[in-house]
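Some notes on the structure that comes next.
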Amino acid sequence: MKIKALIVMTMTAAALLLPSCGKQPDKTSDANVNKPVEFGANITVSDSYAFRENDGRLYLWDLKTNSYEIFCTQPDCKHQTAAENADTKCSAVAPKEGYFYNYAFLYNDTLYSICTGELNEFLIYTADTDGMNRKLAFTAELSLCTMVNPVLDGGRLFFVGSEFEMNDTDSVGLRENYSLCSVDLSDFSFEKYMDIGTANETVIGKKSLLLYKNKIYFQHSEYSENSVHSAVECYDIDGSERMTVLEMEDSVNVWQCNGGKMLYVVSDDDDSHSQVCSYDLDGGGTEVLFKRDGYVSDVCMIGNRVFYMYSTADGKSEIRSAGVFDTSDGKDLTTEFDGDVYVSVLGHTSNGHLIHYQDSERDSFGLLSDEDFWSLKFENADFKFEQ
């Protein structure tokens, strides 16, 4: 089966001039109230801020003012990486040469940053909310699988770990083993709950890691030459039990857990038809919300409305589109993108919807109002920085 990439998800950021002094998050914002954090590709989004990594440096996107600056408050800092200056003190760069930021987020009035570099290792640093007084707090003896977005819940970071079996003569990983893990940020205790599979036989849904009522849900698929087997499983933390929730011989992608409802998409073998479904995590049972020709992805339900992306083929090229389905009245609004337009949605906040918009004239990041988002008017975003 050919898995189609509907939108560009690579989060390379804007090529900006580095200012001499950056900005720190608002002290009255998510640092103290512990609002949810959404993880993406080199980005973490909370209601009032987003941290992004670009060119080995960390940037802060203030969503209240829609401003974007390098995350460093030191005056006259040149923002040199450890490779450029072994004695660098810049809080916007990873503290070790050969390492880079994956994620940064605020919790309990503390900045947490996750860095990776070597195989079978990742690092968690703590710092003040302005990035100062950075300290190494945790080192893992496995890699963080960046192909699956982590989940932060109740002070615990849940993630898929990758353990590489190494060749004795060099540093090449011969086999990558997946496992379900967590780190408790209160004392940095580590838990490895279960093994999932290996990278050469198992594909784990990028947004499928969910936590609901102390159960960790995840979706994985195994592909052979002419078939696919997909399953949604959960691990009961209290009972230390692994359970299968859904299982089918189709391509399945889980996209969201919304108030006990798990949204997922089932696609046929050639990705020509999809159905968007909701599974009740409390009582069981699946409801088919709507069906769509083509390959559906990036599903997100807010209230009664479901936002989604989809692609179809006319025999010569791929046609990319977006849609909104209203479950209350069955109305379906869609828009087809021009051939050179790519749109990806990075997060949803009370300050607007974060998008990356590309066409022949623009490669920009910005905030889109709620009205324009549900009207699919992506070009109306308040764009603040270019790629």
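The values are calculated or read from the model by the stated rules, or taken from the named source; none is laboratory data. Note that the structure is a prediction, hence the values are computed from the model and not measured. Every residue, glycine among them, receives a Cβ derived from its backbone with ideal geometry; neighbour counts consider all protein chains shown. All accessible areas refer to the heavy atoms of the entire protein, side chains included, with ligands and DNA or RNA removed. Shrake-Rupley method; radii C 1.70, N 1.55, O 1.52, S 1.80 Å.
Observations on the model:
- Cα gyration tensor, the stretch 85-186 - rounded (a/c under 1.5), prolate or oblate: oblate
- Prolate/oblate/rounded label for the stretch 146-251 (Cα gyration tensor, a/c 1.5): oblate
- Helix-only [θ]222 nm of the chain, DSSP H runs n ≥ 4, -39500 (n - 2.57) each, per residue, nearest 500: -500 deg cm²/dmol
- Overall, the stretch 170-223 carries a charge dipole of about 320 debye about its Cα centre when +1 sits on the Cβ of Lys and Arg and -1 on the Cβ of Asp and Glu, all other atoms neutral.
- Accessible surface, the chain, averaged per residue in Å² (probe 1.4 Å): 45 Å²
- The overall shape of the chain, judged from the alpha-carbon gyration tensor, is oblate: a/c is not under 1.5, and a/b is no greater than b/c.
- Taking every C-alpha pair closer than 8 Å and separated by at least 6 residues, the mean separation divided by the residue count of the stretch 229-272 gives a relative contact order of 30 percent.
- Packing, as the average of other Cβ atoms within 10 Å across residues, places the peptides 184-194, 252-262, 359-369 in the order 252-262, 359-369, 184-194, highest first.
- Share of carbon and sulfur in the accessible area of the stretch 91-140 stands at 42%, probe radius 1.4 Å.
- With 22 Å as the limit, the listed pairs LYS96/LYS135; LYS206/LYS261; LYS215/LYS261; LYS206/LYS384; LYS261/LYS291; LYS135/LYS206 have LYS206/LYS384; LYS135/LYS206 beyond it between alpha carbons.
- Rounded to the nearest whole Hz, the Karplus-based 3J(HN,Hα) values (6.51 cos²θ - 1.76 cosθ + 1.60, θ = phi - 60°) of the stretch 344-354 follow the sequence 10, 9, 9, x, 10, 9, 6, 8, x, 9, 7, with x at glycine and proline.
- Long-range HN-HN contacts of ALA313 with modeled amide H, under 5 Å: ILE319
- Rounded to the nearest whole Hz, the Karplus-based 3J(HN,Hα) values (6.51 cos²θ - 1.76 cosθ + 1.60, θ = phi - 60°) of the stretch 177-183 follow the sequence 9, 8, 8, 9, 9, 8, 10, with x at glycine and proline.
- Theoretical FRET efficiency, 1/(1+(r/R0)^6), r = Cβ-Cβ of ASP268 and GLU97, R0 41 Å, to 0.05: 0.30
- Note on the stretch 327-382: with neighbouring protein chains present and a 1.4 Å probe, carbon and sulfur make up 35 percent of its accessible heavy-atom surface.
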